[in-house]
């Protein structure tokens, strides 16, 4: 069985392209304020996924390299990253007063990128591999 999944780099590229497209559309169709919000939302999502990868590697390294206390520290890092991004989003919305509609569309570019990359990888997978992934038995 050959499993193919989208890569983090592919998702990041697709998110960057979608963020640029969304920001340009917001600039021409809505306003510059909405375009800035869209760009900020997309950049935050790109940074979030990048930090998630870095933290994931750190957690695996800490867990493999030593025992108890350090492994528990690794388990705390991910929730701290989430709290950090919640604080950043709060500050962006309240202090910078970004356009919420644009910001939300910028954030949604990552979800769209994940969907697009998943479909792209599934289409590139040979038909025989796709039937194996679905559980079909060969004759």
The listed residue being part of a helix (DSSP H, G or I) and either farther than 30 Å from residue 123 by Cα or without any contact (Cβ under 8 Å) to a residue 24 or more places away in the chain (or both), out of 39, 58: 58
Condition met for residue 18 (at pLDDT 90 or above and either part of a helix (DSSP H, G or I) or surrounded by 12 or more Cβ atoms within 10 Å (Cβ to Cβ) (or both)): yes
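The values are calculated or read from the model by the stated rules, or taken from the named source; none is laboratory data. Note that the structure is predicted; figures quoted are calculated from it, not measured. Here Cβ is always computed from backbone atoms with ideal geometry, including for glycine, and neighbour counts include all displayed protein chains.
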